[in-house]
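Taken together, the values in this text are just the output of simple stated rules run on the coordinates, not laboratory data. The shown structure was predicted, so the numbers you read here are calculated from the model rather than taken from an experiment. Cβ placement follows ideal geometry from the backbone for every residue including glycine, while neighbour counts extend to all protein chains displayed.
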Amino acid sequence: MIQITPLGSSSAGNSYHITDGHTALLLEAGIRYKDIQRALHFQTSEIAGCLVTHEHGDHIKAVKEVMKTGINVYASRGTFDALGISSHRARQIKAKQQFQIGSWTILPFDVQHDVSEPLGFLLANQAGEKLVFITDSYYCRYKFSGLTHIMVECNYSMQILDENIAAGRVPAIMKRRLMRSHFSLENVKDFLRANDLSNVQEIWLLHLSDNNSDEAMFKREIQELTGKPVHVAER
């Protein structure tokens, strides 16, 4: 059974611990390593690998320390090149090329973001569970069947963003960047409508904006749309 533990989920830093009871992984390492250790009660020796989507600081802050502790980090060549990292712990992966870590079969896929070579991940375990992880993207062109767990960014609402811009709380120039780099509530709804949700056990909404989101509204609207349990990762 998949267990998901958010360690950080905001522009200040993103990291998630997942396990299927056999193999534990980190998704992103964008908070201080000491905070990762503390959140996991210093039980980090069981972590079999760390998957990183892209090179922005709020996703890679602890990457070098993670590697120093003996944990392999998996990311695209574009990400490692952007970070200037070369280490035997830096494992280059490519979109649509499957690989294994313990009990997980992992399929990276390309996503849309304003960086070198960003990735999303589809993870399947031996019990037949499937988890999709998408963050820092404004669109996903792929559809997935048999999903049991969804972890997807829900950064902002277009309505709230427009209201903030009109009130002068957010610079108008921010709108263009957000629309080209982050999943909105509206995009998340489109993504969920396009996918097979029949086996989904839970949906996690990630990386909510401090200014342009409404946690209660996002949770309510996604629950109403899908009829599934929805969790908002702590910020």
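Filter the chymotrypsin sites (Phe, Trp or Tyr not before Pro) in segment 32-87 to those in DSSP coil with at most 13 other Cβ atoms within 10 Å of their Cβ, and list the result. Intermediate results must be reported in sequence, preceding the final value.
Details: sites: 33, 42, 74, 80; in loops: 42.
When the chymotrypsin sites (Phe, Trp or Tyr not before Pro) of segment 32-87 are filtered for loop state and at most 13 Cβ neighbours within 10 Å, 42 remain.
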As a quick test, which of the pairs 130/219; 64/94; 64/130; 130/175 have an alpha carbon distance above 26 angstrom in this structure? 64/130; 130/175
Aspartates and glutamates within cross-link reach of residue 61: Cα-Cα under 17 Å, excluding same-chain residues under 8 positions apart? 28, 35, 81, 136
On each of the three principal axes the extent of the alpha-carbon atoms of segment 1-125, given in whole Å and largest first, is 34, 29, 28
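Would you mind calculating the relative contact order of segment 118-181 from Cα pairs under 8 angstrom and at least 6 residues apart, reporting the percent as a whole number? Let's see the in-between values first.
Details: 56 pairs, mean separation 17.5, N = 64.
Computed over segment 118-181, the figure is 27 percent.
Just to be sure I understand: of the beta bridges DSSP finds with both ends in segment 3-232, what percent are antiparallel, rounded to 5?
Numbers: 25 of 47 bridges.
DSSP beta bridges in segment 3-232 are roughly 55 percent antiparallel.
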Can you grab the distance from the C-alpha centre of segment 107-136 to the C-alpha centre of segment 1-16, Å, no decimals? 15 Å
Test of the criteria: in segment 31-103, which trypsin sites (Lys or Arg not before Pro) are in a DSSP loop and have at most 15 other Cβ atoms within 10 angstrom of their Cβ? 32, 94, 96
Would you mind ranking 50, 154 so that the residue whose beta carbon has the fewest other beta carbons within 10 Å leads the list? 50, 154
Which aspartates and glutamates have a Cα less than 12 Å from the Cα of residue 143, not counting those fewer than 8 places away in the same chain? 190, 196
Show which aspartates and glutamates lie in cross-link reach of residue 34 when reach means a straight Cα distance below 19 angstrom and same-chain residues fewer than eight apart are skipped. 46, 58, 65, 234
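Once the piece of chain linking residue 64 and residue 163 is laid out straight, how much longer is it, given 0.36 nm per residue of separation minus the C-alpha distance between them? Please list the in-between numbers first.
Working: separation 99, 0.36 × 99 = 35.64 nm, distance 3.99 nm.
Net length gain for the segment: 31.7 nm.
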